[in-house]
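The values are calculated or read from the model by the stated rules, or taken from the named source; none is laboratory data. Keep in mind that this is a model prediction, so the values were computed, not measured. Glycine gets a Cβ as well: all are built from the backbone with ideal geometry, and neighbour counts include every protein chain shown. In case anyone asks, the SASA skips ligands and DNA or RNA and just uses the protein heavy atoms, side chains included. Shrake-Rupley method; radii C 1.70, N 1.55, O 1.52, S 1.80 Å.
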Amino acid sequence: MNPETAGEKFQQLVAIMARLRAPGGCPWDREQTFDSIKPFTLEETYEVLDAIDHRDWGELTQELGDFILQAVFYAQMASEQGLFRVEDVLDAINQKLVRRHPHVFGGESAASADDVLSIWGRVKGAEPKAERKRTAG
């Protein structure tokens, strides 16, 4: 399989992670937990920021891949435990972005970045507390 689209490439990553965690996969990946990979998530975050600081776009490409892997790793573990699936994560962020940008996807308008921040805060504040906690950011 030679994936061409971002969706196909993302699905390939999800499949690779599932195979690594499956019986017969990688012993190290299989023994990881939410808590054991937290330090790697923090490390990858700092590496992304460092690549940006140094304007090293090649390195940023690699580090963003590692950063995305962290999210897929957590989602795979959650799926194995019946908590949620990577599709649920994608649904959550897609819905959040559309909901918090009514000036783009709805009938509101924003003439400036300050207008956008005002709309974002209002929409976020109107979300039920459980929804805000679930989609913090």
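What you get for the range 29-137, charging only the Cβ of Lys and Arg (+1) and of Asp and Glu (-1), is a dipole of about 840 debye around the Cα centre.
Under a Gaussian network description of the chain, with springs only between Cα atoms under 10 Å, the residue in Gly65, Gly106, Gly82 that fluctuates furthest is Gly106. Shown in residue order for the range 50-59 are the 3J(HN,Hα) couplings computed by the Karplus curve 6.51 cos²θ - 1.76 cosθ + 1.60 at θ = phi - 60°: 5, 4, 5, 4, 8, 6, 9, 5, x, 5 Hz (x for Gly and Pro).
Of the residues Ser36, Ser118, Ser109, the one with the largest accessible area comes first in the ranking Ser109, Ser118, Ser36, computed with a 1.4 Å probe on protein heavy atoms. Note on the chain: Kirkwood radius taken over Cα pairs, Stokes-Einstein applied at 20 °C and 1.002 mPa s, translational D equal to 123 µm² s⁻¹. Using a probe of 1.4 Å on the protein chains alone, the accessible area found for Trp28 is around 110 Å². Using just its DSSP H runs of length 4 or more, each adding -39500 (n - 2.57), the chain gives a mean residue ellipticity at 222 nm of -24000 deg cm²/dmol after division by all residues. In this structure the amide hydrogen of Ala110, modeled in the peptide plane, comes within under 5 Å of no amide hydrogen from residues 5 or more places off or on another chain.
The count of lysine pairs in the chain with alpha-carbon distances below 19 Å, taking only pairs 8 or more places apart or on different chains, stands at 4.
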